[in-house]
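> There's a structure below that I have some questions on.
The values are calculated or read from the model by the stated rules, or taken from the named source; none is laboratory data. None of these values were measured; they are calculated from a predicted model. Neighbour counts run over all protein chains shown; Cβ positions are idealised from the backbone, glycine included.
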Amino acid sequence: MQVGMIGLGRMGANMVRRLLKGGHECVVFNRSPDKVQELTKEGAVGAFSLANLVSKLEKPRAVWLMVPAAAVDQTIADLVASLKPGDILIDGGNSYYGDDIRRAQELAPKRIHYVDVGTSGGVWGLERGYCLMVGGEASVVPHLDPSSVELTQEDMVSIRCLRVAISTGRIESCRPIIDAGGQGAGHLSARSSRVTSERILRSPSASDAGRAGVI
Ligand SMILES: NC(=O)c1ccc[n+]([C@@H]2O[C@H](COP(=O)([O-])OP(=O)(O)OC[C@H]3O[C@@H](n4cnc5c(N)ncnc54)[C@H](OP(=O)(O)O)[C@@H]3O)[C@@H](O)[C@H]2O)c1
């Protein structure tokens, strides 16, 4: 699958590396060009602007944003003129779920699909895989499956899915990909998961939970 990645920091760069290793094509852009050059040497296709990235992707395009939450709205504003109906915009960072719902509504008249993904796994995700909590239209989310499967790893399922199941009550698959529901649900799940984990860790019985493999 072909994916456009914007934001090549600790998370975005390693996600690109994992996708490349799995045989996917990544077109990459970053505010600071040195990171683009670095990943180009590792097999990614480099882009020198947002419009240039879009022009190098096949339709319908899948463009993944991995930038700080505060930079998402401006990045979308700069990007949206280049996108076409049917394209999919994924925010894999840590946005507030209310912002996801608003963005999805703003993009809907342009028929650009918005998908929010809570991405868990940190810098260790390169080797271990990530847990993806996905919010978006049911007809659009499966389109991202090839890249989602590559980014995740089955042996994380017991811990990660359990965490999210505690907060959502739902496990949709045996992979650490949670189809959490409509737009906003991915980031809400990620947030709930973090809060639940923190509460368990702070509880007097945290060591018991740790021994039981819950955390
Ligand atoms: N780190 C984690 O463990 C972790 C885990 C889960 C989710 N997340 C989320 O994933 C997202 C990325 O995190 P990260 O750890 O990869 O961050 P990071 O290492 O600080 O990298 C941030 C990336 O975004 C770019 N960026 C920053 N401000 C920008 C702006 N105003 N406009 C355009 N690009 C901008 C940076 O470009 P430059 O290179 O030019 O600075 C850099 O490529 C965040 O939303 C974060 O909350 C992080």
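> For segment 41-56, give me the residue count where each residue is within 14 Å of the ligand (Cβ to nearest atom) and part of a loop (DSSP other than H, G, I, E, B).
4
> I'd like the full set of residues that are outside any helix (DSSP H, G or I) and among the aliphatic types (A, V, I, L, M), limited to segment 15-39.
Those that are outside any helix (DSSP H, G or I) and among the aliphatic types (A, V, I, L, M): V27, V28.
> Further question on the same structure: Taking segment 2-15, which residues are buried (at least 21 other Cβ atoms within 10 Å of the Cβ) and over 19 Å from A51 (Cα atoms)?
Listed by number, the residues that qualify are M11, A13, N14, M15.
> Here is a follow-up. Please go through segment 25-40 and give me each residue that is closer than 19 Å to S147 by Cα and buried (at least 18 other Cβ atoms within 10 Å of the Cβ), ordered by number.
Answer for segment 25-40, where residues must be closer than 19 Å to S147 by Cα and buried (at least 18 other Cβ atoms within 10 Å of the Cβ): C26, V27, V28, F29, L39.
> I'd like the full set of residues that are in contact (Cβ under 8 Å) with a residue 60 or more places away in the chain, part of a helix (DSSP H, G or I), surrounded by 13 or more Cβ atoms within 10 Å (Cβ to Cβ) and away from the ligand (no atom under 14 Å from the Cβ), limited to segment 57-102.
I101
> A further question follows. Consider S139 carefully, then state whether it is hydroxyl-bearing (S, T, Y), at pLDDT 85 or above and surrounded by fewer than 22 Cβ atoms within 10 Å (Cβ to Cβ).
Considered against the rule, which asks whether it is hydroxyl-bearing (S, T, Y), at pLDDT 85 or above and surrounded by fewer than 22 Cβ atoms within 10 Å (Cβ to Cβ), S139 comes out as yes.
> Okay, next question. For residues that are assigned to a strand (DSSP E or B) and within 9 Å of the ligand (Cβ to nearest atom), scanning just segment 113-133, find the one that is surrounded by the fewest Cβ atoms within 10 Å (Cβ to Cβ).
Within segment 113-133, the match that is surrounded by the fewest Cβ atoms within 10 Å (Cβ to Cβ) is S120.
> I'd like to verify a number: residues in segment 1-40 that are within 13 Å of the ligand (Cβ to nearest atom) and free of Cβ contacts under 8 Å to residues at least 40 places away in the same chain, how many?
So the count comes out to 14.
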